[in-house]
Amino acid sequence: MLENEFLILKKLDHPNLVRLHELYRDDRYFYFVTEFLSGGELFNHVLDRGAISEKESCQITSKLVQGIQYLHE
């Protein structure tokens with residue numbers, strides 16, 4: 001079942017979604033090989049800045065919505 005999900009995720013190609021390249025598994029774990037994203041996590045970004053502007057919040061929200069829309073299509 002998870003391997004079927006992997007095949008679907010591997011086909012996705014959108015700038016606001018992490019690219020999935022490969023899947024490995026052993027007796028206990030699955031290992032997902034994804035592209036490297038150097039920007040860090042959104043949560044840590046907000047913590048480091050203390051607050052984000054309305055403009056930046058709109059940009060982030062827009063990217064999230066575009067990624068979700070792509071997935072639904």
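The values are calculated or read from the model by the stated rules, or taken from the named source; none is laboratory data. It should be emphasised that the depicted structure is a prediction, and the values quoted were computed from it without experimental measurement. Don't worry about glycine lacking a Cβ; one is built from the backbone with ideal geometry, like all the others, and counts go over all protein chains shown.
Tabulated values for the structure
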| read-out | value |
| --- | --- |
| Leading residue by the ranking (surrounded by the fewest Cβ atoms within 10 Å (Cβ to Cβ)) among those in segment 17-31 that are at pLDDT below 90 and hydrophobic (A, V, I, L, M, F, W, C) | Phe30 |
| Number of positions in segment 19-50 that are touching a helix residue (DSSP H, G or I) at 6+ places or on another chain (Cβ under 9 Å) and assigned to a strand (DSSP E or B) | 7 |
| Residue count, segment 51-63 (criterion: assigned to a helix (DSSP H, G or I) and either closer than 15 Å to Asp13 by Cβ or touching a helix residue (DSSP H, G or I) at 6+ places or on another chain (Cβ under 9 Å) (or both)) | 2 |
| Which listed residue is under 20 Å from Met1 (Cα atoms), touching a residue at least 24 places away in the same chain (Cβ under 8 Å) and among the aliphatic types (A, V, I, L, M), from Leu71, Leu64 | Leu71 |
| Ile8 being out of contact with any Cys (no Cβ under 6 Å at 6 or more places or on another chain), part of a helix (DSSP H, G or I) and at pLDDT 95 or above | no |
